[in-house]
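Bear in mind that the values in this text are calculations on the coordinates, not laboratory data. Predicted model, so just to flag it, every value in this text is computed and none were measured. Positions of Cβ are backbone-derived with ideal geometry, glycine not excepted, and every protein chain shown enters the neighbour counts.
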Ligand SMILES: Cc1ncc(C[n+]2csc(CCOP(=O)(O)OP(=O)(O)O)c2C)c(N)n1
Ligand code: SF4
Ligand SMILES: [Mg+2]
């Protein structure tokens, strides 16, 4: 395949007109910066980028970046993002949303999009809380955590999104932390370059509603991890299970597998956005004679 | 008995091959240039139960599965009794006529007789000569049935040959088995008294789902996402079987919510796409209908109704989802609802829906029911020429591009990812002309009103461009029968029956269900009665009609899971005309 020469793209090319209105200190700012950095570094032009989101504080992301944006329904970013990538593979498609969006309302889409190995990048702003709806327990809230909806402490154990992604068959599984935007950007670049479904779970403190999982909480615990063999599923699974005083961040798993489009008899050879309309012919009616 | 037409019913248990036998018969007639309508009566069961397949073939145009029954092929004892006994109610289907014949295996015994001609035959014995099981008895019986109306054997042999085409030897065996059945009948029985005439060239025999598929493809659809659900699956199967041929993509995702969001994503990216389901699956899609309305993304939704509530009667017919479709989605946004009247119109309105969606950038529904999506009709020809209307699309590189520009007709220019210089956000939150959210920080009431008015204005533009409403024998009608969608054929035949009795009745046939064309108000003015025929309990269309036109109407409804039949419907209309039940 011929690579087209990389354009010079500046981070400011991605500067949206609307100023991000997250609470000062919100983790989402780091992801916004990191994504712009990664896209600019990769030389991808804004008009070839689509950012698809669901609903939540985090999901307001597409409004704040100069690219094509699709701010859809709570939990439904992945089907939209998948279809966009399928019908026009020239685009870089990034899905972005919250932990409630991805691991509650949209769990089935997360699982199946990973399993299909759709060639998109999915970044979750995991603040272990519902931010936009002002602080209810989320699927990643810790056991015992007191929130508006769990005044006596959360009684549901949290989901581990990395294990979910791995068991579903995601071919790129990573974790990052809003305290280190440069690290998020590095991972994002690799995620975008990865052919297949790339998942990045980002610890993104909600400074307003989550008083437990704060920047300090994570700074004390996270450490950078790099596997010797990123294709070793068993090791990835084991390290992704690590939780407690020490929590690894980094790329846990990466493997090259055929994407959904590679396996589809039509998508593997046709760019639907550019293909001509099929014109029905008399022969197409012969089966009815 | 009408000697210009023949009605045949194949009856058996699920798994007996009732449907494929019925299709062989139907195709034999369509190849002879006759007019054919089929009706598929089956249950939600894979093996066992009672199912039957009816074929009405006529030398004259036909518009429904019709009344009357000339030939029954009964593959079990239940079939022999069920279709000959006038006291068994099958939702209005006629029992075997007095002069009719019932063909069955001679091993079936102990049935009650009702005066018709009973023709026990060695179906299984003959079948066993050609195969090591008795399944081929269907083919033997088809041979006999065709002999009873003097159809030439060559036509039937050709159809059987094609049906088993890829399995050369099996085709020959089946043809031979059919021939024995054919000869047996000729030798031992008198033919039916028929006066059939045939066309000069074969007609297309097309299912409703196939026609939807053809229509969508002809309208430029390249991507279809759907989750299987009867009776929307016949269209889905058409896509499955033609994807590679047409370079289109069929995606069966994890659920209907995903399906509709995928279809929206593909449309957003500039590829014509559609989704579809029946009521249950469509219920899951409801939130996303509003998303398409809000983002102004074109979206064609194929909604194939079956009786509810809930799982209801999965293999039966009803027009019970109109309220659901009209009410799908919170808030007000433009939507268009089309309801084809027959198979050919599934094709025509299917592709028209694709253009309407692109032009008005909003959800467009194509509503059918099980009756229409799963039955077959002959079609003389399809007009394959079609002009694809892309709607308004922006040229590249515009300063301050306004995706939701507040235009006079309400329609704003679209822009697709990949187009340079048109980056913008499409947002499910209320937004201004640029696509910027107006619901954060401070909600701007003026922008909200402007955005609502802009979107809803598209409906006014559409109303101005709607085609006039169809009528049937209406100019001198004293009574107006109003119907929507698939009941048109049956209603027309009922009108003919009533007119033969001297009752001046005519029909209004509504294909463009929402928004309702107000020309209907002019049509019904001065009529003695306005009778609304509907295949549901609550009169969902009737309510729409009354609320839009402020007229008094009289209902004729059916909700037993079966279609209307012309004779039965004519009687019910007459009761209403004569002053009610
Ligand atoms: C179908 C639906 N259900 C509920 C909501 C209300 N709602 C909006 S955002 C949200 C949860 C947000 O949490 P999360 O996805 O973690 O995003 P965050 O705000 O934390 O970034 C909910 C429940 C909605 N918009 N749509
Ligand atoms: S509520 Fe929490 S997640 Fe939402 S913007 Fe504020 S800090 Fe961020
Ligand atoms: Mg959250």
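So here's what we get for this one:
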read-out: Cα gyration tensor, segment B:163-306 - rounded (a/c under 1.5), prolate or oblate; value: prolate
read-out: Helix A:107-116 vs. chain A, principal-axis angle (Cα, 0 to 90°, nearest 10); value: 50 degrees
read-out: 0 to 90° range, to nearest 10: angle between helix B:566-577 axis and chain B longest Cα axis; value: 60 degrees
read-out: Distance between modelled label sites at residue B:162 and residue A:224, nm, 7 Å Cα→Cβ extension; value: 6.9 nm
read-out: Dmax and Rg, reported as Rg then Dmax, of the protein assembly as shown (C-alpha, Å); value: 31.0, 96
read-out: Value at 222 nm in deg cm²/dmol, rounded to 500, when DSSP H runs of n ≥ 4 in chain B each add -39,500 (n - 2.57); value: -11500 deg cm²/dmol
read-out: Other protein chain Cβ atoms within 10 Å, averaged over every residue that makes up A:64-70; value: 6
read-out: Debye intensity ratio I(q)/I(0), log10, segment B:470-577, q values 0.18, 0.23 Å⁻¹ (C-alpha model); value: -0.80, -1.37
read-out: Two-site label geometry, residue B:456 and residue B:3: point separation in nm, points 7 Å out along Cα→Cβ; value: 6.3 nm
read-out: Difference of contour (0.36 nm per residue) and Cα-Cα distance, residue B:478 to residue B:90; value: 136.4 nm
read-out: Nearest 10 degrees, 0 to 90: helix B:208-218 Cα axis against chain B principal axis; value: 40 degrees
read-out: Other protein chain Cβ atoms within 10 Å, averaged over every residue that makes up B:423-433; value: 6
read-out: Pairwise FRET efficiency - residue B:463 versus residue A:146, Cβ, R0 = 56 Å, nearest 0.05; value: 0.50
read-out: Kirkwood hydrodynamic radius (C-alpha pairs) into Stokes-Einstein, segment A:139-289, 37 °C and 0.692 mPa s, D in µm²/s; value: 177 µm²/s
read-out: Inverse of mean 1/r across different Cα pairs in segment B:309-389, Kirkwood, Å; value: 14.5 Å
read-out: Quotient of Cα Rg and 2.2 N^0.38 Å for segment B:5-202, N being how many residues it contains; value: 0.94
read-out: Where labels lie 7 Å past Cα in the beta-carbon direction, separation of residue A:263 and residue B:496 in nm; value: 5.2 nm
read-out: Principal axis dimensions, segment B:206-379 - Cα atoms, whole angstrom, descending; value: 39, 38, 29
read-out: Contour minus Cα-Cα distance for residue B:244 and residue B:135 (0.36 nm per residue); value: 35.9 nm
read-out: Pairwise FRET efficiency - residue B:429 versus residue A:90, Cβ, R0 = 30 Å, nearest 0.05; value: 0.60
read-out: R0 of 51 Å, Cβ-Cβ distance residue B:578-residue B:187: FRET efficiency to nearest 0.05; value: 0.50
read-out: Paramagnetic reach from residue B:332 (point 7 Å along Cα→Cβ, amide N under 18 Å) across segment B:461-495; value: B:461-464
read-out: Pairwise centroid distance, computed over Cα atoms, of segment A:173-236 with segment B:327-365, Å; value: 45 Å
read-out: Equivalent ellipsoid dimensions for segment B:323-467 as semi-axes, Å, which come from the Cα gyration tensor, largest first; value: 34, 19, 13
read-out: Overall Cα dimensions of chain B - principal axes, largest extent first, Å; value: 87, 59, 43
read-out: Relative contact order %, chain B, counting alpha carbon pairs below 8 Å whose residues are six or more apart; value: 12 percent
read-out: Centre separation in Å (Cα based) which lies between segment A:76-123 and segment B:516-581; value: 47 Å
read-out: Within 10 Å of each Cβ in B:372-381, the average number of Cβ atoms from other chains; value: 1
read-out: Mean-position separation - Cα centroids, segment B:62-130 and segment B:394-447, in angstrom; value: 65 Å
read-out: Rg in Å to one decimal, and Dmax rounded to a whole Å, for segment A:19-288 via C-alpha atoms; value: 19.3, 71
